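Have a look at the structure below, then the notes.
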Amino acid sequence: MPLRSGPRVLLVDDEIDVVEALESGLRNHCRVHATSRAAEAMQWIEDQPPFDAVVSDSEMPHVTGPELLVAVRERDEATARILLTGSPNVTALGEAVNRARVHRFLLKPYPVADLASAIREVIHEAAPHKARATVWRQYGVSPRECEVLERLVHGERARQAAEALYVSEHTVRGHIKALLRKFGVRSQADLVLAARRAEARD
């Protein structure tokens with residue numbers, strides 16, 4: 001019987017047989033939303049509350065797995081991201097690392113029980129970030145600003161954060177300026193302190 005509670009997982013693979021097999025095997029471990037159409041998955045990502053994890057095939061028509069997981073990350077950085085691939089493609093994997101920052105690469109075919117374990121692991125790993133992001137969003141902080149703030153809290157400077165996030169230093173400084181305003185502080189040091197205090201109070 002499918003679970004009525006537990007983590008919400010989005011499963012995307014253009015091979016219908018694979019989707020049906022994985023959905024059937026995972027439904028006793030999590031609440032599965034499965035589709036063989038990347039466009040439908042993109043719509044769910046936009047319209048529904050953030051998923052706890054998204055599992056996507058790497059190579060699909062129209063939208064690749066890394067592209068879909070980039071959209072997931074931009075929607076909510078705290079969503080755990082898993083990429084399934086049948087034949088490792090260096091370009092696709094590089095995009096997944098650099099832009100989507102996936103939590104796991106899994107080579108197909110992959111046993112359903114092991115996939116369920118991997119989903120539990122990545123959700124557990126993402127939990128601290130998700131908790132921090134939930135607190136910070138009470139201040140009106142956007143998903144991208146959460147990413148920048150996370151880097152600052154861990155001691156990175158603007159240039160380091162820019163390199164890690166693959167954006168310009170100017171862009172990062174723009175986010176920092178917005179964060180200073182939202183937290184009502186004047187310096188980056190005070191911003192980090194305010195963010196830590198907000199997290200501790202929650």
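Kirkwood Rh, Cα Rg: Rg to Rh for the stretch 8-127? Numbers along the way, then the final one.
Values: Rg = 12.5 Å, Rh = 13.8 Å.
Checking Rg against Rh, the ratio lands at 0.91.
Kindly put L69, L22 in sequence by how many other C-beta atoms sit within 10 Å of each C-beta, fewest to most. Write out the running numbers ahead of the final one.
On the way: L69 27, L22 22.
In increasing order of surrounding Cβ atoms, one gets L22, L69.
Would you mind counting up the charge near R144? Only other residues with Cβ under 9 Å from its Cβ, with Lys and Arg at +1 and Asp and Glu at -1. Don't skip to the end; give the middle numbers.
Numbers: positive: none; negative: E74, E77, E145, E147.
After counting each charged neighbour, the total is -4.
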Can you list the chymotrypsin sites (Phe, Trp or Tyr not before Pro) in the stretch 129-202 that are in a DSSP coil and have 15 or fewer other beta carbons within 10 angstrom?
Y166
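Can you sort K177, K182, K108 from fewest to most other Cβ atoms within 10 Å of each residue's own Cβ?
Result, fewest neighbours first: K177, K108, K182.
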How far is helix 38-47 tilted, in degrees, relative to the longest principal axis of the Cα atoms in the chain, given as a value from 0 to 90 rounded to the nearest 10?
40
Just how many % of Cα pairs in the stretch 140-197 lie over 14 Å apart, if you round to the nearest whole percent?
46
For the chain, the longest principal axis of the Cα atoms and the Cα long axis of helix 112-136 enclose an angle in degrees, to the nearest 10, of 20
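How would I176, I16, I123 line up from fewest to most surrounding beta-carbon atoms within 10 angstrom? Don't skip to the end; give the middle numbers.
Numbers: I176 18, I16 12, I123 22.
The most exposed by this proxy come first: I16, I176, I123.
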Which aspartates and glutamates does K130 reach when only Cα atoms under 16 Å apart count, and residues fewer than 8 places away in its own chain are ignored?
D52, E74, D76, E77, E121, E145, E147, E150, E199, D202
What distance in nm lies between label points placed 7 Å from Cα along the C-beta direction at E20 and V167?
4.3
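Give me the net charge of K130's neighbourhood, meaning all other residues with Cβ under 9 Å from the Cβ of K130; Lys, Arg count +1, Asp, Glu -1. Don't skip to the answer; put the middle values down first.
Values: positive: R132; negative: D52, D76, E77.
Its environment carries a net charge of -2.
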Scattering from the C-alpha atoms of the chain alone, worked out with Debye: what is log10 I(q)/I(0) at q = 0.08, 0.17, 0.19 1/Å?
-0.29, -1.10, -1.27
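Could you pull out the trypsin sites (Lys or Arg not before Pro) across the stretch 1-84 that fall in loop regions by DSSP (anything but H, G, I, E, B) with no more than 10 other Cβ atoms inside 10 Å? Write out the running numbers ahead of the final one.
Values: sites: R4, R8, R27, R31, R37, R73, R75, R81; in loops: R4, R27, R37.
In loop regions of the stretch 1-84 (DSSP not H, G, I, E or B), the sparsely surrounded trypsin sites (Lys or Arg not before Pro) are R4.
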Once every DSSP H run of n ≥ 4 in the chain is given -39500 (n - 2.57) and the sum is divided by its residues, what mean residue ellipticity at 222 nm do you get, rounded to the nearest 500 deg cm²/dmol?
-17000 deg cm²/dmol
Would you mind checking the tilt of helix 16-26 against the longest principal axis of the Cα atoms of the chain, expressed as 0 to 90 degrees and rounded to 10?
70
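Rule-based calculations on the coordinates, nothing more; no lab input. Keep in mind it's a predicted model, so treat the numbers as computed, not measured. All Cβ positions, even for glycine, are placed from backbone atoms using ideal geometry, and neighbour counts span all protein chains on display.
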